[in-house]
Each structure stands twice: as structure tokens, then as C-alpha cells.
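One structure is given below, encoded as C-alpha cells.
The values are calculated or read from the model by the stated rules, or taken from the named source; none is laboratory data. As the structure is a computational prediction, the values presented were derived from the model and not from experiment. Here the Cβ is made from the backbone with ideal geometry for all residues, glycine too, and neighbour counts use every protein chain on show.
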Amino acid sequence: DSEDKEGEKLRVKMRMVKNMLNSPLTKEKITSTNGLQYISIFCNPRGTNFPVTHDEWNKIRELIKM
């Protein structure tokens, strides 16, 4: 929309890397995966940003086949 491009506004350019809408990575799948049972987002869910270790990230990547 040309009107939306006028003026100063905050924007973030994004691109979809992987569409998982039809095959979401569920909490059950994550917590049933060896090495992900104690991932920080499920141990302390009141936060905003949740760090993961390199090993946890590699296991998540395997689950989503990235």
C-alpha cells in the first residue's frame, strides 16, 4: 500500500525460513526428546527470552529437519 510507505515508521524486514504451520513442533514432542526434557522454556516459563545450549539447538534442528 503506497500510503503505508509514507512517513517515518518502525519496520522489520522478515523472510520465512521454514513453514511449520501444518507440522508444528509441539511441547510433547520436545519434552519427549532425549536431551530436551529440561529445556529452559519449560522449566521456567515466566520469562521472555530462553537460552538454549548448542546441543539443545542441534536436537531442535533435527526435530524440524532444518
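When the stretch 1-29 is filtered for residues that are among the acidic types (Asp, Glu) and either within 23 Å of Phe42 (Cα to Cα) or at pLDDT 90 or above (or both), only Glu28 remains. Looking at the stretch 38-61, which of its residues are surrounded by fewer than 11 Cβ atoms within 10 Å (Cβ to Cβ) and either in contact (Cβ under 8 Å) with a residue 60 or more places away in the chain or farther than 17 Å from Lys27 by Cβ (or both)? Of everything in the stretch 38-61, those that are surrounded by fewer than 11 Cβ atoms within 10 Å (Cβ to Cβ) and either in contact (Cβ under 8 Å) with a residue 60 or more places away in the chain or farther than 17 Å from Lys27 by Cβ (or both) turn out to be Thr48, Asn49, Pro51, His54, Asp55, Arg61.
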